[in-house]
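**Student:** Pasting a structure below so you can have a look.
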Amino acid sequence: MKLYLGTYTKKASEGIYQLELNQDRFENLELLHRVDNPTYIDLNANSLFSVVKDGTKGGIAYFKDGLFVNQVVEEGAPPCFVSSIQSKGLVFSANYHGGRVNVYALKDEALVDHQSISFGEGSKAHYIQYNENLDRVLVCDLGLDRVYAFKVNEDNKLSLSATYKADTKTGPRHLVVHPETKLVYIFTELSSEIHVVDFTDDEVKLIEKVSALPEAVDAQKWGAAIRLSKDGKYLYVSNRGHDSISVFKIGETLQLIQNVSTEGVQPRDFNLSPCGNYCVVANHDTNNLTLFAIDQTSGLLTLLQKDFTAPEAVCVVFA
């Protein structure tokens, strides 16, 4: 099983890395592409899209069949998130410092500018992703405490269809959508909460809010990544201030069933393997990956490995 890592390149890292997961162990870490600050990456068939910093400019780099194709950059800080829709030939980025999202199109085998949407003063756009179940592109704006839902029009441009307004200074960071319902699970960075929101027919309704940390824990609230099991039964979030993964069982309400150390500092990202058997955590400050086995019946995590070195890793993607 192959994995790819996006990283910061402020210290030891040189770009995008790949490694293998075999027989419950990580092995064969190697540099795949030399890129400046590829903090988030996205795989789509034989294409790889990466955040890139190029001097005083930032944007998205495009690789195909393992080779660099081109990049689209503009003056200012690079984005913090990238995703794509293969069927429509679209790529999206969210720019935290610029308070905007960008839409790119694949045209004549290259990436080109297509649309830019700015959200105004105070915006810190942190996430953008198309969801097939909702048929919407969803955006988290950490600065304005909002989640936007956009339709993709016939011209492949985005138009706003719904907005969820979270409590002030909760900071929606990332989200996942249930595979069988219209429920969206939004993870807030500043309050470390999961907001369960119904987006049925663009009518936005808050269902519940749940803390990502156990009741007795008094730790820094600093939510990071959120993932959902393929069957929609279990929800996972990473807590940077507490350096842990919390596991929730999904029912009529969210039930916290486990909180486990990530065996490192600042678990900025983690991901679940396509087979559902593994959880891989990237601990940025301690430069290590942690591997857990997932019991698909109970959803619980069991530690397998914690000492695999990965420099400045902040994004985990399975091939």
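Every read-out reported here was derived from the displayed coordinates using simple, explicitly stated rules and does not represent laboratory data. Since the structure is predicted, the reported quantities are computational estimates derived from the model, not experimental observations. No Cβ is skipped: glycine too gets one built from the backbone with ideal geometry, and neighbour counts run over all protein chains shown.
**Student:** List, in order, the whole-Hz ³J(HN,Hα) value for each residue of the stretch 149-161 obtained from phi through the Karplus relation with A = 6.51, B = -1.76, C = 1.60 and θ = phi - 60°; use x for Gly and Pro.
**Tutor:** 10, 10, 7, 9, 6, 4, 8, 6, 10, 8, 9, 5, 10
**Student:** Something else now. Which FRET efficiency, nearest 0.05, do T56 and E132 yield, Cβ-Cβ r, R0 51 Å? Mind dumping the intermediate values first?
**Tutor:** Working: r = 37 Å, r/R0 = 0.72.
Efficiency computed from Cβ-Cβ geometry: 0.85.
**Student:** Which residues does the label zone of D24 cover in the stretch 259-281, counting backbone N under 14 Å from a point 7 Å along Cα→Cβ?
**Tutor:** From the stretch 259-281, the list is 277-279.
**Student:** Apply the Karplus curve 6.51 cos²θ - 1.76 cosθ + 1.60, θ = phi - 60°, to the phi angles in the stretch 3-8 and return the couplings in whole Hz, x for Gly and Pro.
**Tutor:** For the stretch 3-8, the Karplus-derived couplings read 10, 10, 10, x, 9, 7 Hz, x marking Gly and Pro.
**Student:** At q = 0.10, 0.14 Å⁻¹, what log₁₀ I(q)/I(0) does the chain have when each alpha carbon counts as one equal point scatterer in the Debye sum?
**Tutor:** Relative scattering, expressed as log10 I(q)/I(0), comes to -0.52, -1.10.
**Student:** Find the Cα radius of gyration of the stretch 94-210, compare it with 2.2 N^0.38 Å by division, and give the number to two decimals.
**Tutor:** Values: Rg = 14.1 Å, N = 117, 2.2 N^0.38 = 13.4 Å.
Normalised Cα radius of gyration, the stretch 94-210: 1.05.
**Student:** Among D24, D218, what is the fewest-to-most ranking by other Cβ atoms within 10 Å? The partial results should precede the final answer.
**Tutor:** Details: D24 11, D218 6.
Going from least to most buried by this count: D218, D24.
**Student:** Near the amide H of A166, under 5 Å away, which other amide H atoms are found, from residues 5 or more places off or on another chain, if H is placed in the peptide plane?
**Tutor:** Here the answer is R146, V147, since their amide H atoms fall under 5 Å of that of A166.
**Student:** Same structure, new question: If the reach is capped at under 24 angstrom between alpha carbons, list the lysines near K233, excluding any in the same chain fewer than eight residues apart.
**Tutor:** Reachable lysines: K182, K205, K209, K249.
**Student:** Cut-off 10 angstrom, C-alpha nodes, Gaussian network model of the chain. Which of G120, G59, G76 fluctuates the most?
**Tutor:** Judging by the Gaussian network model, the answer is G120.
**Student:** For N283, what is the net charge nearby, where nearby means another residue's Cβ is under 15 Å from its Cβ and Lys, Arg count +1, Asp, Glu -1?
**Tutor:** Details: positive: K11, R240, R268, K306; negative: D243, E263, D269, D285, D307, E312.
With Lys, Arg at +1 and Asp, Glu at -1, the net is -2.
**Student:** Taking the stretch 94-176, how many lysine pairs are there with alpha carbons less than 26 Å apart, if each pair must be eight or more places apart or span two chains? Before the final figure, lay out each step's value.
**Tutor:** Values: K107/K151; K107/K157; K124/K151; K124/K157; K124/K165; K124/K169; K151/K165; K157/K165.
Step by step, the pairs that qualify in the stretch 94-176 add up to 8.
**Student:** Taking H placed 1.01 Å from N in the peptide plane, check which residues at least 5 places from S191 or on another chain put their amide H under 5 Å from its amide H.
**Tutor:** G223
**Student:** Also: Put a dot 7 Å past each Cα toward the Cβ at D285 and V204; how far apart are the dots in nm?
**Tutor:** Roughly 3.2 nm, to one decimal.
**Student:** Read phi for every residue in the stretch 28-39 and hand back ³J(HN,Hα) as whole Hz from Karplus 6.51 cos²θ - 1.76 cosθ + 1.60, θ = phi - 60°, with x for Gly and Pro.
**Tutor:** 6, 5, 8, 6, 9, 9, 7, 9, 7, 6, x, 6
**Student:** Specify whether the C-alpha gyration tensor of the stretch 215-319 places it in the rounded, prolate or oblate class, a ≥ b ≥ c being the square roots of the eigenvalues: rounded for a/c under 1.5, otherwise prolate if a/b is larger than b/c and oblate if not. Kindly include the intermediate steps, with their values, before the conclusion.
**Tutor:** Values: a/c = 1.85, a/b = 1.21, b/c = 1.53.
Oblate, since a/c reaches 1.5 and b/c is not below a/b.
**Student:** Let me ask something additional. Can you list the residues, at least 5 places off or on another chain, whose amide H is less than 5 Å from the amide H of V69, using H built in the peptide plane?
**Tutor:** Under 5 Å from the amide H of V69 lie the amide H atoms of Y62, F63, K64, each far enough along the sequence or on another chain.
**Student:** Evaluate the stretch 172-278: find the radius of gyration of its Cα atoms, find its Kirkwood radius, and give the ratio Rg to Rh.
**Tutor:** Working: Rg = 13.2 Å, Rh = 13.9 Å.
Result: Rg/Rh = 0.95.
**Student:** At 0.36 nm per residue, and after removing the present C-alpha to C-alpha distance, how many nm does the segment from K233 to F318 gain when stretched out fully? Intermediate results must be reported in sequence, preceding the final value.
**Tutor:** Working: separation 85, 0.36 × 85 = 30.60 nm, distance 2.05 nm.
Going from the current span to full extension adds 28.5 nm.
**Student:** Shifting gears a bit: Where does each of D285, D42, D108 land when they are ranked from fewest to most other beta-carbon atoms within 10 angstrom?
**Tutor:** Working: D285 13, D42 22, D108 5.
Placing the least packed residue first, the sequence is D108, D285, D42.
**Student:** If you rank H242, H114 by fewest surrounding Cβ atoms within 10 Å, what's the result?
**Tutor:** Placing the least packed residue first, the sequence is H114, H242.
**Student:** Here's something else I'd like to know. Would you mind working out the magnitude of the charge dipole of the stretch 1-143 relative to its Cα centre, with +1 at each Lys and Arg C-beta and -1 at each Asp and Glu C-beta, to the nearest 20 Debye? Kindly include the intermediate steps, with their values, before the conclusion.
**Tutor:** Values: 13 positive and 18 negative charges, 44 e Å.
In total the dipole reaches around 220 debye.
**Student:** Can I ask one more? Give me the number: length gained by fully extending Q220 to N277, i.e. 0.36 nm times residue separation minus the C-alpha to C-alpha distance, one decimal in nm. It would help to have the intermediate numbers written out before the result.
**Tutor:** Details: separation 57, 0.36 × 57 = 20.52 nm, distance 2.98 nm.
Separation in residues times 0.36 nm, less the Cα-Cα distance, equals 17.5 nm.
**Student:** A follow-up question, please. Just in the stretch 135-203: which trypsin sites (Lys or Arg not before Pro) are loop by DSSP and have at most 13 other Cβ atoms within 10 Å?
**Tutor:** Numbers: sites: R136, R146, K151, K157, K165, K169, R173, K182; in loops: K157, K169, K182.
Of the trypsin sites (Lys or Arg not before Pro), the ones in loops of the stretch 135-203 whose Cβ has at most 13 other Cβ atoms within 10 Å are K169.
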